[in-house]
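S.K.: Can you keep this structure in mind? I'll have questions shortly.
The values are calculated or read from the model by the stated rules, or taken from the named source; none is laboratory data. Values in this document were obtained by computation on a predicted structure and should not be read as measured data. Cβ placement follows ideal geometry from the backbone for every residue including glycine, while neighbour counts extend to all protein chains displayed.
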Amino acid sequence: MGVLSVRVLMMVCVAVSLTSIAYAAEGTATFYTPPYVPSSCNGFQNDGVMIAAASDAIWNNRAACGRSYRVTCIGATNQGVPQPCKGGSVGVKIVDYCPPGCRGTIDLSKEAFSAIANPDAGKIKIRYDQV
């Protein structure tokens, strides 16, 4: 691979990275607790614990099923836990639907929520993007 090819490849990688950052959205996350099956997407299939339910904002008539998202806590939504974020992000797969009245954009499994925030917060502000 020549120097020009390496430079072109690096530029493509940078462009792809910037594109994924540009499509990051903000919303809120809540959490739900086991049992995680059955799910709207996969019935009684066990999808592990790094999973989430999509609200109408991203559900798109089941199109969200199986999509993976990177979710990052960016702040508090209440006065109970003023600094709930632990830092970092978590990867989750959409396996369920969070019906109308859902309190968050993404309803994370308790394990996924706990990886990025203090569960005592109940609801957090997030940045999320499809990966």
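S.K.: Which numbered condition in (1) touching a residue at least 40 places away in the same chain (Cβ under 8 Å); (2) over 16 Å from Ala24 (Cβ atoms); (3) in contact with a helix residue (DSSP H, G or I) (Cβ under 6 Å, 6 or more places away or on another chain); (4) not aromatic (Phe, Trp, Tyr) is the only one that Lys86 fails?
M.R.: Failing condition for Lys86: (1).
S.K.: Among the residues in the range 55-65, are any in contact with a helix residue (DSSP H, G or I) (Cβ under 6 Å, 6 or more places away or on another chain) and not basic (Lys, Arg)?
M.R.: Yes; the residues of the range 55-65 include at least one that is in contact with a helix residue (DSSP H, G or I) (Cβ under 6 Å, 6 or more places away or on another chain) and not basic (Lys, Arg).
S.K.: Starting from residues that are under 15 Å from Gly91 (Cβ atoms) and more than 11 Å from the chain's Cα centre (by Cα), keep the ones in the range 27-63 and report whichever is surrounded by the most Cβ atoms within 10 Å (Cβ to Cβ).
M.R.: Asp47
S.K.: Still on this model: Looking only at the range 69-77, decide whether some residue is in a loop (DSSP other than H, G, I, E, B), at pLDDT below 95 and crowded, with 17+ Cβ neighbours inside 10 Å.
M.R.: Taking the range 69-77 and keeping what is in a loop (DSSP other than H, G, I, E, B), we get 77.
Then drop every residue that is not at pLDDT below 95, which leaves 77.
Going one step further and asking which of them are crowded, with 17+ Cβ neighbours inside 10 Å, we end up with 77.
Taking every residue of the range 69-77 in turn, at least one turns out to be in a loop (DSSP other than H, G, I, E, B), at pLDDT below 95 and crowded, with 17+ Cβ neighbours inside 10 Å.
S.K.: Against the definition (within 23 Å of Tyr23 (Cα to Cα) and out of contact with any Ser or Thr (no Cβ under 9 Å at 6 or more places or on another chain)), how does Ile94 come out, yes or no?
M.R.: Answer is no for this residue.
S.K.: Filtering the range 59-68 down to residues that are assigned to a loop (DSSP other than H, G, I, E, B) and among the small types (Gly, Ala, Ser), which residue is nearest to Ala24 (Cα to Cα)?
M.R.: Ala64
S.K.: If you go through the range 101-123, how many residues are closer than 15 Å to Pro84 by Cβ, in a strand (DSSP E or B) and within 12 Å of the chain's Cα centre (by Cα)?
M.R.: Selection size over the range 101-123: 1.
S.K.: Which residues, counting only those in the range 89-100, are free of Cβ contacts under 8 Å to residues at least 24 places away in the same chain and assigned to a strand (DSSP E or B)? If you could, list the steps in order and put the result at the bottom.
M.R.: As a first pass, look at the range 89-100 and keep what is free of Cβ contacts under 8 Å to residues at least 24 places away in the same chain: 99.
The answer is none; no residue qualifies.
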